1. Strictly over 30 Å apart at the Cα level, which of Lys113/Lys151; Lys140/Lys231; Lys113/Lys140 would you flag in this model?
2. Could you rank Leu146, Leu221 by how accessible they are, 1.4 Å probe, largest area first?
3. Which whole-number value in Å² is the accessible area per residue of region 145-270, probe 1.4 Å?
4. Using helices alone, I'd like the mean residue ellipticity at 222 nm for the chain: each DSSP H run of four-plus residues gives -39500 (n - 2.57), total over residue count, nearest 500.
5. What is the Cα coordinate range of the chain on the first, second and third principal axes, sorted by size from largest, in whole angstrom?
6. Taking all protein chains in place and a 1.4 Å probe, what share, in percent, of the accessible surface of the chain do carbon and sulfur account for?
7. If you build a Gaussian network model of the chain, linking Cα atoms that sit under 10 Å apart, which residue out of Leu57, Leu291, Leu81 swings the most?
8. Compute the angle between helix 142-151 and the longest alpha-carbon principal axis of the chain, please, reported from 0 to 90 degrees and rounded to the nearest 10.
Amino acid sequence: MKATQRCGLVAGLLMVSVMAGFRAQAGDYPEKVVQIIEDSAAGSTPDVALRFVADELSKLWGQQVLVVSHPGAGGSLAVRLASEAAPDGYTLYQPVSSTFIALHPAAPNVPLKVPQDFLPIGFVAENPRFIAVSPSLGVKTLSELLALAKKRPGEISYATTGVGRLTHLTGELLQHEAHIQLQLVPYVGGPAHAISDVATGRVSIIIEGYSGIAGAVRSGLVNLIAVASAKRLADFPNVPTVSETIPDFSATGWGVLVAPLNTPQTIIQKVSADLSQVTSQSDLQKNLAELGSYTRTMTPAETTAFVHQQQNIWNPVLADIAQKQQQ
C-alpha cells in the first residue's frame, strides 16, 4: 500500500471514529444513570418540582435520573461538586434563583454566572413565595400582619430555609417595602422543622414555596395569608397577592438545569429538547400547579437571557437592602 493510500485510510478511519462518537453522544445518550445535583434541601419546593421532572425524564430515557441533594454552605458545596464532575452529561445541576442572586458574598463561587460557570440547558420550574402565619399570632391578612409588626418592631419572627436563599431575600424585601422590622430565624435542611415551630407558635411566620408547607396548610397548622406572585394564582384563587397590599411586590423562586463546562453541545441540545418535552406535558403541569410550581420551556440561549434578566431585576434591590442593613 502506498503512503498516500495509507494516509487516506487512516484519515477515513479517524473520521468514522469521530462521527461515531458524535452519534453516541447525541443518539445513544443516556446509557446509564444520570444524576442531577441540587443545592436545595430534600422536601423543599425546588426539590419537589425537580423530582417530578426527573421522574418524567427517567420514563422518556429508560434510565434512572437520580436527584442528589447537597444543601447548605450557601449553595457552594453543590456548585463545587457539579463543577468538578466529568463533562459527559451524566452529572447535571439544578441551581436555583438564590444561587444566582445573592444578598452578599456569604459563600465562595456564589453568585453564579452563565455561561461562564456552567452551560445552560433549560428551565425546570418557578414557584412564587407564600407567606403563612401561626394561628396563635391572631392575624388573618397581610395588612393585619404589617400593622402588628409596626406596633412590635423586631419582636415578630419569620422562618426561612437558610440565609441568603430567596425565602430570606423575600423577607428582607418585605421589611424594606413595608417599613417593618422582623426577626430572622433561618433553618437548614428543608422546611419541616420550621413548619413545626410555626405551627406551635415558637416562630410567627414562614416564607416558603407552597409544596414545602402544603401539608401544614391543609391540616390547618398554619394559615396562608398571601402569595408573592404578580397576580392571583388559578389554583389558589382565595389567596391574595402581596402586591394587593404592597404595590408591585413580587418574589418568585425558580430552578434551571445546567451542565459542567465542556459538556458536548450534542448532549446539551438533546437534554434541552427532552426537558422541554417533559415540562410541556399537561399532567406534569397540573401536578406541579397544585403544589404552586409552574413550568416553562426555554432553549439554552433563552435560559441564559432569563437568568441575566432576573439578576438585573434583583441586583438593585439587593444593593438597596444591603445599604439599609449597614445604616
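The values are calculated or read from the model by the stated rules, or taken from the named source; none is laboratory data. It should be emphasised that the depicted structure is a prediction, and the values quoted were computed from it without experimental measurement. Ligands, DNA and RNA are stripped out before the accessible areas are found, and what is left, the full protein with its side chains, is counted by its heavy atoms. Shrake-Rupley method; radii C 1.70, N 1.55, O 1.52, S 1.80 Å.
1. Violating the 30 Å Cα-Cα cut-off are Lys113/Lys151; Lys113/Lys140.
2. Leu221, Leu146
3. On a per-residue basis, 41 Å².
4. Counting only the DSSP helices, I get -13500 deg cm²/dmol.
5. Principal axes ranked by extent give 94, 43, 30 Å for the Cα atoms.
6. About 54 percent, which is the carbon plus sulfur part of the accessible surface.
7. Answer for the Gaussian network model of the chain: Leu81.
8. The two axes meet at around 60 degrees.
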